[in-house]
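See below for the structure under consideration.
The values are calculated or read from the model by the stated rules, or taken from the named source; none is laboratory data. Remember, predicted model here, so these are calculated numbers, not experimental data. Here Cβ is always computed from backbone atoms with ideal geometry, including for glycine, and neighbour counts include all displayed protein chains. Just so you know, the surface numbers come from the protein's heavy atoms only, side chains and all, with ligands and any DNA or RNA stripped out. Shrake-Rupley method; radii C 1.70, N 1.55, O 1.52, S 1.80 Å.
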Amino acid sequence: MIDSLQDSIENLAQLLRRSVSVDDSDLRLVACSTHFGDADQPRLDALLGRTVDDRTRRYLVASGYQQWREAQRIPAQPELGTERDRVGFPLRTKYQLLGVMWVLDDGTMSEQQMRLAGETADRVQSILARREQEQAESDARQEDAVLELLAADPAARATAATRLRERNGFDRVREVVVLALSTRPAEGDAPGPLEDPPDVVLRRAIRSATRGRAAVAFGVRGAQALVLLGGQQRPAGADLRELAHALHREVQRGSGDLGERTTVGVGSARDELTDAAVSFRQALTSARVAAKLGRPTGVWGDDPLEALLDVVVVADWDEQSIPDALRTLSDTQSGATLEVVETFLDLAGNVVATAERLHAHRSTIYYHLGKFQESTGFDLDDGRIRLLLHLWFRVRPTVTGRTPAGSSGR
């Protein structure tokens, strides 16, 4: 099918004596024709890197290429290094953009040449649409198998593992890790009609972030997703962290709103595909903890206290059932005082370390601690009181949505 696409644009290029290329919907190069001495530096860079540079991407996004419904001319931009106009022909189905066919032009393309280019764009669009449909059917089978790994029935998990070993390169892996993408519900207005649905954004982001990895499969269910990563040996922690950040970046690039609401969690490595459900639960916990701490990503084992509380503390509790002395702290104490007390408890009651963490004088720390004890009656020298308050500060995000003090930097 690539050959058929390649033949189509090469034939057009020879007729027009102009360079022709096809990008996917994310401006990654799919195919390109022979050049006719018209390739400027950005085109050559795209050939080498298989994608446009960030400045050009931002310019095209601002030009609205994702919403084009007919051919558009992009004038030469000397500041971007483009020496010739680009005529872009959007390639799309009724529901989504498949890509763009680009023709380099010096401003002399005739109406007949534009018509020939439009006819070729229609053929290329049909080729990409067929390929997209075939890919979607293959992905659907893969996603069914990945999601079946989470089934409660051991026999169903074993069947799913067999299917993945047969089709997705997991036949030789010795370790598997799950990354979970968890998206919080949107607040306020719904996305505009031109914005892709969350599942489309997530699939595109996962494909982009995992491109080039040998054993990888994923499943998407609504606004949640899991990525199954396999390897011959236990994946390096740094590699998993980078992949988690790459997944988050790609989601944010696909939809700023969805990216703001999405966190990525990483589970632990498991020896068997059938144990992927364990890694998935850990990854989900890590993602929820990251969201509460105001971070885009989280890794299992990084925040054991918060992970424990996430598991044992229910999210739908009645706030009125919390002891008044704790529930009213946010109303009776200043934010500065609460930050001092929380940091003091985080640092095991070390006043010097608290002052250093908050960039404050020790007398300021003593002032806030004394004021807190006097107004609440809580004795900070009592171990049980310290435990009570520390526990409250840790679970407070679940109740109030407030992020723990200093959490984003730890």
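Couple of notes before you dig in:
Quick grid of which residues meet (1) open to solvent by less than 20 Å² (accessible area, probe 1.4 Å); (2) within 24 Å of A209 (Cα to Cα); (3) β-branched (V, I, T); (4) part of a helix (DSSP H, G or I):
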{"residue": "T120", "(1), (2), (3), (4)": "yes, no, yes, yes"}
{"residue": "A129", "(1), (2), (3), (4)": "no, yes, no, yes"}
{"residue": "E132", "(1), (2), (3), (4)": "no, yes, no, yes"}
{"residue": "Q135", "(1), (2), (3), (4)": "no, yes, no, yes"}
{"residue": "A155", "(1), (2), (3), (4)": "no, no, no, yes"}
{"residue": "R165", "(1), (2), (3), (4)": "no, yes, no, yes"}
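- Screening E70 against (1) under 23 Å from R130 (Cβ atoms); (2) without any contact (Cβ under 8 Å) to a residue 60 or more places away in the chain; (3) surrounded by 13 or more Cβ atoms within 10 Å (Cβ to Cβ) leaves a single unmet condition, (3).
- Here D379 meets the list (1) touching a Ser or Thr at 6+ places or on another chain (Cβ under 8 Å); (2) open to solvent by 20 Å² or more (accessible area, probe 1.4 Å); (3) at pLDDT 90 or above; (4) not aliphatic (A, V, I, L, M) almost entirely, failing just condition (1).
- Region 204-247, subset among the aliphatic types (A, V, I, L, M), over 14 Å from the mean Cα position of the chain (by Cα) and buried (at least 17 other Cβ atoms within 10 Å of the Cβ), residue farthest from L147 (Cα to Cα): A215
- Count - residues of region 36-67 that are outside any helix (DSSP H, G or I), open to solvent by 20 Å² or more (accessible area, probe 1.4 Å) and either touching a strand residue (DSSP E or B) at 6+ places or on another chain (Cβ under 8 Å) or over 18 Å from V103 (Cβ atoms) (or both): 6
- Going through (1) touching a helix residue (DSSP H, G or I) at 6+ places or on another chain (Cβ under 9 Å); (2) more than 24 Å from L293 (Cα to Cα) one by one, E374 falls short only on (1).
- Residues in region 248-267 that are under 8 Å from the mean Cα position of the chain (by Cα) and surrounded by 24 or more Cβ atoms within 10 Å (Cβ to Cβ): V251, T262, T263, V264.
- Any chance D85 is open to solvent by 20 Å² or more (accessible area, probe 1.4 Å) and touching a Pro at 6+ places or on another chain (Cβ under 8 Å): yes
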